[in-house]
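Could you have a look at this structure, given as structure tokens, before my questions?
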Amino acid sequence: MKNIVAINASPRIGWNTSQLVEAAAKGAKEAGAVADIIDLYKLEPFQGCISCFGCKLPKTFGRCVSKDGLSEVLDKIRKADGLILGSPNYLGNMTAGFRALYERLVFQSLTYNKERPNCNEHMIPVLFITTSNCDESIYNKIGYTAMLEGYKNMLERFVGPAKIMICGNTLQVDDYSKYDWTVFDPVQKKVNHEVAFPLKLKEAYEFGAGLV
Ligand SMILES: Cc1cc2nc3c(=O)[nH]c(=O)nc-3n(C[C@H](O)[C@H](O)[C@H](O)COP(=O)(O)O)c2cc1C
């Protein structure tokens, strides 16, 4: 049985990213895999790469040696047959929690060796889900498409074949009237959440099933 690790890198459990990650994990499960969902922001404290270069030494080659909340996650990914990553867009990039995992996941396999730039012998398919306030139609114009291409390239080089799923125009809060947020149309946000978001959940489910 295939083993899928699904990571929610949003601090808001039960919200957009987390629901999409769950839907993708459900798709993988119903396609016959076991799926372990991990909420990054529930873990013990962790940090990004600290540049110790332990992963470049012969004894611990290719393995992040930093010991914190992410160690077990990295171990699980090492044994997995597929990986689901989900992160909201924060300030034009992914969350700090996502970046910490991403740095350590990718850098441990990067060798600085001309003959063998990637030492990961267990490449696995990746589904990378990202959500944002802004609409998908402006991703290209504001540089998000290029930013996501960068992630796809790195993931494909060091983790495995990657697919990207984007979900824009998300509902950010239940009640927009509590805030002085003049840039949003709360009615449009609600409608989008009720009409378009369920289709995104279905898409995530299908992507998840496709990982298996
Ligand atoms: C700190 C912070 C920064 C954000 N920056 C952006 C941004 O640059 N572009 C954007 O489209 N949305 C931005 N958002 C909105 C989130 O990406 C969006 O609401 C996302 O769907 C939230 O995911 P969640 O519901 O899983 O928490 C930001 C939200 C927060 C809290």
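Less than 12 Å Cβ to Cβ from E156, Lys/Arg counted +1 and Asp/Glu -1: what total charge do the surrounding residues give? All intermediate terms of the calculation are to be shown ahead of the outcome.
Values: positive: K152, R157, K163; negative: E149.
Residues close to E156 contribute a combined charge of +2.
May I ask you to order 122-134, 18-30, 146-158 by the average number of other C-beta atoms within 10 Å around their residues, highest value first?
Per-residue mean Cβ counts within 10 Å order the peptides as 18-30, 122-134, 146-158.
In addition: Can I get the semi-axes of region 98-212's equivalent ellipsoid? Compute them from the C-alpha gyration tensor as square roots of 5 times the eigenvalues, in angstrom, largest first.
34, 16, 12
Antiparallel versus total DSSP beta bridges in region 3-211: what percent is that, nearest 5?
Of all bridge pairs located within region 3-211, approximately 10 percent are antiparallel.
Then there's this: Which of the peptides 173-180, 3-10, 138-145 is most tightly packed, and how do the rest follow, going by the mean number of other Cβ atoms within 10 Å of each residue?
On the way: 173-180: 9.8, 3-10: 25.6, 138-145: 13.8.
The packing order, highest mean first, is 3-10, 138-145, 173-180.
Please give the charge dipole size of region 51-206, origin at the Cα centre, charges +1 on K and R Cβ atoms and -1 on D and E Cβ atoms. Round to the nearest 20 debye. Intermediate values should be presented prior to the final figure.
Numbers: 20 positive and 18 negative charges, 155 e Å.
Around 740 debye, computed over region 51-206.
Also, I was wondering about something else. Take the alpha-carbon positions of region 3-211, form their convex hull, and give its projected area averaged over all directions (one quarter of the hull surface) in nm². Show your work: numbers first, answer last.
Details: hull surface 49.8 nm².
Across all orientations, region 3-211 yields a mean hull projection of 12.5 nm².
Let me ask something else about it. Checking the cross-link filter: which lysines have an alpha carbon closer than 28 Å to that of K76, excluding same-chain neighbours under 8 positions apart?
K2, K26, K29, K42, K56, K59, K67, K152, K163, K200, K202
Also, quick follow-up: Just want to confirm a number: the relative contact order over the chain, from Cα pairs under 8 angstrom separated by 6+ residues, in percent.
With pairs under 8 Å counted, the relative contact order is 27 percent.
I'd like to compare 195-203, 32-40: which one has the highest average count of other Cβ atoms within 10 Å, and what's the full order after that?
Numbers: 195-203: 14.9, 32-40: 18.2.
Sorting 195-203, 32-40 by mean packing, highest first, produces 32-40, 195-203.
At 0.36 nm per residue, minus the direct Cα-Cα distance, what do Q47 and K202 gain on full extension? Give it in nm, one decimal, please.
Working: separation 155, 0.36 × 155 = 55.80 nm, distance 3.30 nm.
Extra length available between Q47 and K202 comes to 52.5 nm.
Oh, and also: Using alpha carbon centroids, what distance separates region 188-212 and region 141-163, in Å?
21 Å
Give the separation of the Cα centroids, region 75-104 to region 3-47, in Å.
10 Å
No value in this document is a laboratory result; all are computed from the given coordinates. What you are looking at is a predicted structure, and each value in this text was computed from that prediction instead of being measured. Backbone-built Cβ (ideal geometry, glycine too); neighbour counts: all protein chains shown.
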